[in-house]
1. With the alpha-carbon atoms as the only input, what is the per residue convex hull volume for the chain in Å³?
2. Nothing charged except the Cβ atoms of Lys and Arg (+1) and of Asp and Glu (-1): what's the magnitude of the dipole of the chain about its Cα centre? Round to the nearest 20 debye.
3. Packing-wise, with mean Cβ within 10 Å as the measure, how do 118-124, 55-61, 91-97 rank, highest first?
4. Starting from the alpha-carbon convex hull of segment 28-91, give the projected area averaged over all orientations, in nm².
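Just so it is clear, none of the values below were taken in a lab; they were calculated from the coordinates. As the structure is a prediction and not an experimental result, all values here were calculated from the model. Cβ: placed from backbone, ideal geometry, glycine included. Neighbour counts: every protein chain shown.
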Amino acid sequence: MVNGFFQLKTINLNNMSVDRHDYIIIGYKMPYNILTKYNHELADMVREDDNMYLPYYEGWKGESYRIIIDGMSGNYIVFGKVIAESGEYDGFDFPSVKLNYSDYSEVISKAKEVFIDIDSFDFSNPEILIFSHFS
């Protein structure tokens, strides 16, 4: 946040693939190889069966937070609150995005709760991320 305004950040993630989803997320772009304080790779932990990350990784119905992993190129892990999401082939049709300060502070709290074992990343400044994810 800069001078009381949300700072927009676009991410260019041009990869060739079959499916594309477009997202607007308040959250974080983390390095793909980020480690927990126990020296485990977060990307591997998220993909394990029956773990606390599954609702976010699989996008369970009713869950507004998402973990998105670039499994094709290994460039990023994104976590945050989904503000807008396109279908697999549709793209956006002028989504209307209304944000307030409670969204911002809610994301900070949720990230610190979900990633309690990550101490190598600063979760104090979420950004508005606008990107296409290919899978």
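1. Measuring per residue, one finds 116 Å³ for the Cα hull of the chain.
2. Computed about the Cα centre, the dipole is about 440 debye.
3. Packing order, densest peptide first, comes out as 55-61, 118-124, 91-97.
4. On the way: hull surface 20.7 nm².
Answer in nm², one decimal: 5.2.
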